[in-house]
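Peer 1: Following this message is one structure expressed as C-alpha cells.
The values are calculated or read from the model by the stated rules, or taken from the named source; none is laboratory data. What you are looking at is a predicted structure, and each value in this text was computed from that prediction instead of being measured. In this analysis, Cβ positions are derived from the backbone assuming ideal geometry, glycine residues included, and neighbour counts consider all displayed protein chains.
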Amino acid sequence: MDQIIVGNGSNEIVELLVRTFLFPREEAIQAFPSFLVYEKVVKGAGGEMVFVPLKELKIDLEGILDKISPETKIIFLTNPNNPTGLGIEEEEMREFLRTVPEDIIVVLDEAYIEFAKGSGIADGRDMIDLHPLLLVMRTFSKAYGLAGLRIGYGFGSKILIDYMNRVRQPFNVNMLAQIGATAALDDEEFLSRTISVVNEGKKYLYKELEKMGLEYVPSVTNFFLIKVGKARDIYERLLKKGIIVRSMEAYNLPEYIRITVGKMNENEKFILSLREVL
Ligand SMILES: Cc1ncc(COP(=O)(O)O)c(C=O)c1O
C-alpha cells in the first residue's frame with residue numbers, strides 16, 4: 001500500500017509529483033514530441049522543461065542523460081510514447097535506470113502499456129528496484145475505457161509516495177471511480193477483447209494504408225501515425241466527414257496525422273473517407 005498512490009486520472013499524479021518536488025527554476029527533461037501535459041505542469045510550477053528530440057521517432061535515452069544538469073529534478077519517459085506509439089525495450093530501460101543519478105526522479109508514464117503486452121517493451125513493475133526515485137504511472141482511461149471517470153494510479157518508491165500523499169487532497173478520487181476501477185481490474189475478458197479488437201483493427205488499417213501507398217509507423221499502442229502530407233488539411237476535411245483525427249503540427253510532425261484504432265465499422269469508414277479526402 002505504501003508504494004501506491006491513486007489520482008484523478010494519471011494527469012493528477014503528474015500535478016502532484018511536480019507540486020510536491022519541483023521548485024521554481026528547477027528542471028525537468030522530456031522527449032519531444034511526447035505527451036504535452038508535463039510541460040504545462042512544469043511551467044505552471046515555475047520550472048523549466050528541457051526537450052530532447054526523438055531520434056528516428058524513438059526516445060533518445062542517451063540524449064536525455066546528456067541533458068542532465070545540477071538543476072535536473074525529474075525525467076519524464078512516456079513508454080510507449082504518445083504520439084509515436086513506439087516503446088523503450090526492456091534491456092535499454094534497465095541500462096538507463098541503472099545509469100541515471102540516484103537523486104533524480106524518473107517517471108515512467110505507462111498510460112498505454114496494456115496494449116504493448118508481449119512486445120518486449122519495458123514493464124515498470126519489473127523495474128522498481130532499479131532506481132531509488134522511480135514512479136510508474138498507469139491509468140484506467142485507455143485500455144480500460146474509463147477516461148470519463150478520471151482515475152489513474154502511480155507506484156514505485158516509498159519515499160516519493162509518502163511525500164505526495166502529504167500534498168494530495170484527502171479525497172482526490174471519487175467513490176464511483178474507485179468502484180469502476182476495481183470492477184475493471186476484475187473484468188479480464190473486457191481487457192483482452194479490447195486488445196484483440198485493437199490488434200485486428202491495426203492489421204486491417206495497415207493493410208489498407210499499404211494498398212494506398214501511405215507510410216505509417218507500426219505501433220504497440222491503440223493509436224498510430226500516418227504520413228499524409230499536409231496533415232492540417234486532411235484533418236479538416238476528415239472532420240467535415242465526422243471523423244476526428246489529430247494533426248501532428250503541435251508535435252512538430254506536420255506531415256503526420258495520429259489516428260486511434262476504432263471498431264471495425266469505424267476503421268472501414270475512416271479508410272473510405274481518407275481515400276475520398278486524399
Ligand atoms: C501518455 C499519456 N499519459 C497520461 C495521460 C493522461 O490520462 P488520464 O489523466 O486520463 O489518466 C494521457 C492521456 O492522453 C497520455 O496520453
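Condition check ((1) within 16 Å of the ligand (Cβ to nearest atom); (2) surrounded by fewer than 19 Cβ atoms within 10 Å (Cβ to Cβ)) across all residues:
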residue	(1), (2)
L134	no, no
M137	yes, no
G145	yes, yes
L160	no, no
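Peer 1: Could you check, for the range 84-94, whether at least one of its residues is under 18 Å from the mean Cα position of the chain (by Cα), modelled with pLDDT of 95 or more, at positive phi and of a type outside the set (A, V, I, L, M)?
Peer 2: Within the range 84-94, one or more residues are under 18 Å from the mean Cα position of the chain (by Cα), modelled with pLDDT of 95 or more, at positive phi and of a type outside the set (A, V, I, L, M).
Peer 1: Which helices (runs of 4 or more DSSP H) does the range 1-66 wholly contain that include 3 or more residues that are under 18 Å from the mean Cα position of the chain (by Cα)?
Peer 2: So the answer is 10-21, 37-44.
Peer 1: Quick one: would you say K117 is at pLDDT below 95 and surrounded by fewer than 23 Cβ atoms within 10 Å (Cβ to Cβ)?
Peer 2: yes
Peer 1: Could you count how many residues in the range 162-189 are part of a helix (DSSP H, G or I), within 20 Å of A147 (Cβ to Cβ) and touching a residue at least 24 places away in the same chain (Cβ under 8 Å)?
Peer 2: Summing the residues that are part of a helix (DSSP H, G or I), within 20 Å of A147 (Cβ to Cβ) and touching a residue at least 24 places away in the same chain (Cβ under 8 Å) in the range 162-189 gives 6.
Peer 1: Also: Among the residues of the range 75-90, is there at least one that is assigned by TED's automatic domain parsing to the domain that holds G152 and over 30 Å from V261 (Cα atoms)?
Peer 2: Within the range 75-90, not a single residue is assigned by TED's automatic domain parsing to the domain that holds G152 and over 30 Å from V261 (Cα atoms).
Residue by residue, here is whether (1) more than 18 Å from G85 (Cα to Cα); (2) part of a loop (DSSP other than H, G, I, E, B); (3) of a type outside the set (V, I, T); (4) not assigned by TED's automatic domain parsing to the domain that holds N82 holds:
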position: I234; (1), (2), (3), (4): yes, no, no, yes
position: L238; (1), (2), (3), (4): yes, no, yes, yes
position: I243; (1), (2), (3), (4): yes, yes, no, yes
position: A250; (1), (2), (3), (4): no, no, yes, yes
position: I259; (1), (2), (3), (4): no, no, no, yes
position: G262; (1), (2), (3), (4): no, yes, yes, yes
position: E268; (1), (2), (3), (4): yes, no, yes, yes
position: L272; (1), (2), (3), (4): yes, no, yes, yes
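Peer 1: Answer yes or no: is there a residue in the range 190-201 that is free of Cβ contacts under 8 Å to residues at least 40 places away in the same chain, surrounded by 14 or more Cβ atoms within 10 Å (Cβ to Cβ) and within 24 Å of the chain's Cα centre (by Cα).
Peer 2: Checked against the condition, which is being free of Cβ contacts under 8 Å to residues at least 40 places away in the same chain, surrounded by 14 or more Cβ atoms within 10 Å (Cβ to Cβ) and within 24 Å of the chain's Cα centre (by Cα), the range 190-201 yields no hits at all.
Peer 1: Keeping to the range 93-115, report how many residues are assigned to a loop (DSSP other than H, G, I, E, B), away from the ligand (no atom under 16 Å from the Cβ) and among the hydrophobic types (A, V, I, L, M, F, W, C).
Peer 2: Of the residues in that region, 2 qualify.
Peer 1: Can you tell me which residue within the range 212-232, out of those that are β-branched (V, I, T) and not in a strand (DSSP E or B), is surrounded by the most Cβ atoms within 10 Å (Cβ to Cβ)?
Peer 2: That would be T221.
Peer 1: T72 is checked against (1) among the β-branched types (V, I, T); (2) away from the ligand (no atom under 16 Å from the Cβ); (3) surrounded by fewer than 20 Cβ atoms within 10 Å (Cβ to Cβ) and fails just one. What number does that condition carry?
Peer 2: Of everything listed in (1) among the β-branched types (V, I, T); (2) away from the ligand (no atom under 16 Å from the Cβ); (3) surrounded by fewer than 20 Cβ atoms within 10 Å (Cβ to Cβ), T72 misses just condition (3).
Peer 1: OK, next. Only one of L209, L278 is of a type in the set (A, V, I, L, M), surrounded by fewer than 20 Cβ atoms within 10 Å (Cβ to Cβ) and over 20 Å from G85 (Cβ atoms). Can you tell me which?
Peer 2: Exactly one residue qualifies, and that residue is L278.
Peer 1: Also: Look at G118 and say whether it is out of contact with any helix residue (DSSP H, G or I) (no Cβ under 9 Å at 6 or more places or on another chain) and part of a loop (DSSP other than H, G, I, E, B).
Peer 2: Taking the combined requirement at face value, the residue satisfies it.
Peer 1: Assuming G85 fulfils every condition listed in (1) among the small types (G, A, S); (2) surrounded by 15 or more Cβ atoms within 10 Å (Cβ to Cβ); (3) out of contact with any Ser or Thr (no Cβ under 8 Å at 6 or more places or on another chain); (4) farther than 17 Å from V136 by Cβ apart from one, which condition is it?
Peer 2: (3)
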